[in-house]
Amino acid sequence: METKAKVIIMTVIVVILLFGVIVIKIKGDKKRKSLAISYAELERNNDIDKNGPNGKTSMQKDKRPNLWGIPSWGLALLTYFLAYVVPYAVYGILSAVFKIPEWNGIEFLFTSISVLIIVVCCYFICKNDPRSILYVPLLCNIFSIIVAIIMPTFWKGSLWIVICSGWGLSIFVSILGARIGKRNVISKNH
């Protein structure tokens, strides 16, 4: 139990450090000349400028709709569902039909597919809504985070390397997608 507690403590420390880096990076972006105005300041300025009928602001008129009408948190939970339930259901069916042993390279393949689905979806969700960067990687990876905390054999196999790499990649591409999304919003409004 000591190693499990140490791993949990180390994971919490790493997550806190990553969020600290994100906050520092956001503050650094405000100082850069290429991003002279932040997304929040742009919203504030557009809310002040009421130039539409019925008092609608220009931000409300030009606001991009959510992807398929679903908010970012809903897309993150849908990604979680699609990334874990669908590949593992297919794996369960294939292992039952073709009598594949429990721990084989196939499980590694399906875990890699799940990680890739999460990484790609985190990028597009954060690109569409840059403000969702704080919760999208967490909601998309909530299943694997809970499994890492609860399951005692999680850190003994080799799958944790793939899953933890997916955590890091999903945070990285979320930051990348949010930055690209902010630039698109700023360039559309100027």
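Every number here is computed from the coordinates shown, using simple stated rules; none is lab data. Small disclaimer: the values here were computed from a predicted structure and weren't measured. Cβ: placed from backbone, ideal geometry, glycine included. Neighbour counts: every protein chain shown.
Compared with the direct C-alpha span, the chain from ILE146 to LEU82 gains 21.3 nm at full extension, assuming 0.36 nm per residue. To the nearest 0.05, how large is the calculated FRET efficiency for VAL90 and LEU176 if R₀ is 30 Å and r is the Cβ-Cβ distance? It comes out at approximately 0.55.
To the nearest 0.05, how large is the calculated FRET efficiency for TRP155 and ARG131 if R₀ is 41 Å and r is the Cβ-Cβ distance? Calculated value: 0.75.
Modelled label positions at ILE106 and VAL120, each set 7 Å beyond Cα in the direction of Cβ, lie 2.2 nm from each other. Sorted largest first, the principal axis extents computed over the alpha-carbon atoms of the range 134-190 equal 53, 17, 9 Å.
Simple spin-label estimate for ARG183 and TRP73 gives 3.0 nm between the two label positions (7 Å along the Cα-to-Cβ direction from each Cα). Remark: the range 149-156, residue by residue, has Karplus-estimated 3J(HN,Hα) of 7, 7, 7, x, 9, 4, 7, 8 Hz, where x stands for each Gly or Pro and the curve is 6.51 cos²θ - 1.76 cosθ + 1.60 at θ = phi - 60°. Note on the range 71-190: Rg/Rh from Cα positions, Kirkwood definition for Rh, rounded to two decimals, is 1.06.
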